[in-house]
Amino acid sequence: MLQIKDLSFQVNNSGQDKEIIRNVNLTVDDGQLVVITGPNGGGKSTLARLIAGIEKPDFGMILFNGEDITGWSVTERAKAGVAFAFQQPVKFKGIQVLDLMRLAAGKDLTVAAACEYLSRVGLCARDYIDREVNASLSGGELKRIEIATVLARNALLTIFDEPEAGIDLWSFQNLIQVFKGMRETMSHRSLIIISHQERILNIADEIIVLKEGTLFAQGSRDEILPGLIGTASAVSDCRFQQID
């Protein structure tokens with residue numbers, strides 16, 4: 001279980017403090033798929049980075065399975081079972097896909113197991129297993145490889161920051177199936193996705209709307225989604241995207 005209590009975060013912009021996250025309180029129960037959405041600049045990605053430990057809050061507390069992890073590093077959180085997938089995947093010059101998968105899994109993953117994860121994200125394993133993770137790969141390929149590493153990681157809490165960014169339609173459709181598969185097998189694990197995409201919102205157990213750094217709305221998919229789609233202006237210029 002993830003618990004966030006009175007979380008606040010600010011940055012200094014041209015000598016002035018700007019609050020990005022303000023007094024956010026929320027709970028993500030085990031086995032839940034939660035989508036965080038809202039207008040651009042509302043603090044969604046910042047909140048994800050605070051949970052992952054990439055940023056540190058100015059105030060408040062983050063609890064993971066009852067333990068205060070507020071001051072923990074990214075590495076410490078990863079060891080505790082928190083995984084984070086960046087909006088723009090990191091390139092690793094000089095490292096092959098198989099090696100990256102093994103690093104993510106934290107063990108000597110077999111070639112067959114690595115290939116299974118790659119196939120789940122729609123990649124022909126024999127074409128990628130020995131490829132170097134560098135600029136020769138397209139944005140969509142890098143995104144799918146990153147998702148495969150997250151699957152191999154098998155974390156207790158996985159956070160995706162706008163996973164649809166920079167990928168093609170086929171990749172997006174495959175991505176939805178990956179998330180559905182994760183949702184069906186999560187049990188005591190949890191998934192947080194930062195997204196504007198209606199099809200991702202449609203598979204959420206719970207939707208959280210952030211606006212101007214505060215919790216604007218929170219509830220089940222059936223409670224929140226109809227209002228968002230019908231009146232996107234309700235969250236001040238929040239545009240929910242559809243991909244057919």
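Computed from Cα atoms alone, the Kirkwood hydrodynamic radius reported for segment 86-215 is 15.3 Å.
Less than 5 angstrom separates the built amide H of S190 from those of G31, L157, T158, all sequence-distant by 5 or more or on a different chain.
Take every pair of alpha-carbon atoms less than 8 Å apart whose residues are at least six positions apart; their mean separation over the length of the chain yields a relative contact order of 27 percent.
Hey, got a sec? Which trypsin sites (Lys or Arg not before Pro) in segment 80-163 land in a DSSP loop and have at most 10 other Cβ atoms within 10 Å? Each step should come with its number before you reach the end.
Values: sites: K91, K93, R102, K107, R120, R126, R131, K143, R144, R153; in loops: K91, K93, K107, R131.
Sparse-neighbourhood loop trypsin sites (Lys or Arg not before Pro): K93, K107.
The label point for L103 and the one for K79, both projected 7 Å from the Cα toward the Cβ, are 1.8 nm apart.
Converting phi to 3J(HN,Hα) with the Karplus coefficients 6.51, -1.76 and 1.60 and the offset θ = phi - 60°, segment 219-227 yields x, 5, 4, 5, 7, 9, 4, x, x Hz in sequence order, with x at every glycine or proline. Between amide H atoms placed 1.01 Å from N, distances below 5 Å from F59 occur with S8, all of them 5 or more places distant or on a separate chain. In summary, segment 59-134 shows an alpha-carbon radius of gyration equal to 1.37 times the 2.2 N^0.38 Å reference for compact globular proteins. The phi-based Karplus calculation (6.51 cos²θ - 1.76 cosθ + 1.60; θ = phi - 60°) puts the 3J(HN,Hα) values of segment 142-152 at 4, 4, 5, 5, 4, 5, 4, 5, 5, 4, 5 Hz, whole numbers, x for Gly and Pro.
The value given for segment 22-94 is a Kirkwood hydrodynamic radius of 13.8 Å, derived from the mean inverse Cα-Cα separation.
Near the amide H of I20, within less than 5 Å, lie the amide hydrogens of F9, Q10, V11, all on another chain or at least 5 residues away, with H placed in the peptide plane. Label positions at I203 and E184, each projected 7 Å from the Cα along the C-beta direction, are separated by 1.0 nm. Cross-link partners of K79 among aspartates and glutamates, defined as those whose alpha carbon lies under 16 angstrom from its own and excluding same-chain residues fewer than eight positions apart: E67, D68. Using the Cβ-Cβ distance between K5 and R221 with R0 set to 22 Å, the FRET efficiency works out to roughly 0.35. Which entries of K56/K211; K44/K93; K107/K211; K44/K180; K107/K180 have Cα-Cα distances beyond 32 Å here? Where the Cα-Cα span goes over 32 Å, the pairs concerned are K107/K211.
Rule-based calculations on the coordinates, nothing more; no lab input. The structure presented is a predicted model; accordingly, all values stated were derived computationally and were not measured. Note: ideal-geometry Cβ built from the backbone for every residue, glycine included; neighbour counts use all protein chains shown.
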